[in-house]
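The values are calculated or read from the model by the stated rules, or taken from the named source; none is laboratory data. Source: prediction; values computed, not measured. Ideal geometry is used to build each Cβ from the backbone, glycine not excepted, and the neighbour counts take in all protein chains shown. These area figures cover heavy atoms from the full protein model, side chains too; ligands, DNA and RNA do not enter into them. Shrake-Rupley method; radii C 1.70, N 1.55, O 1.52, S 1.80 Å.
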Amino acid sequence: MDRLSFRRAVEAHDLAAMVAAFAPDAVLHSPVSYKPFEGRPAIALLLGILAEVFEDFHYTDQLEAADGALGLVFRTHIGTRQVEGIDLLRFDDDGQIRDLTVRRSRRWWPTWAAGCRRAEVRSRGGPEWSRSV
């Protein structure tokens, strides 16, 4: 798998391909949770939720580190607010993502958190689940 497969999947709005870009035991660190999302099933759930919350998500820049890490700068909308951040991807020897860390602008954290919480509640079937997280 090549290192840009995740970016292409995101730009194509292809959730299955996004998830396939991750190693089976990958870890995703997101500002929506203090605990990382571990493994493809958990990562797939989060990516599905974010696909509901983000509008017009697109990458604006790509940064490559000497150690092979890849930074993808993004912009999106949540409701009426434009937000931006960076996805920092680290890869295993097979080119799959072993670790993804999402960094975001602090000024839009409350909007993102509220949007993600609403999507979580809908995806899990009701408010009982949202209180237990």
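Scanning the stretch 8-24 for residues that are part of a helix (DSSP H, G or I) and under 12 Å from Q96 (Cα atoms) yields A17, M18, V19, A20. The single condition among (1) touching a residue at least 60 places away in the same chain (Cβ under 8 Å); (2) within 12 Å of the chain's Cα centre (by Cα) that A23 does not satisfy is (2). Screening V27, V73, V32 for residues that are surrounded by fewer than 18 Cβ atoms within 10 Å (Cβ to Cβ) and either closer than 17 Å to R98 by Cα or aliphatic (A, V, I, L, M) (or both) leaves exactly one candidate, V73.
Filtered by the rule that a residue be outside any helix (DSSP H, G or I) and open to solvent by 70 Å² or more (accessible area, probe 1.4 Å), the stretch 48-59 gives E55, D56, H58. Taken as a whole, the condition of being under 24 Å from G68 (Cβ atoms) and open to solvent by less than 50 Å² (accessible area, probe 1.4 Å) does not apply to M1. Exactly one residue out of L45, L89 is touching a strand residue (DSSP E or B) at 6+ places or on another chain (Cβ under 8 Å), assigned to a strand (DSSP E or B) and at pLDDT 90 or above, and it is L89.
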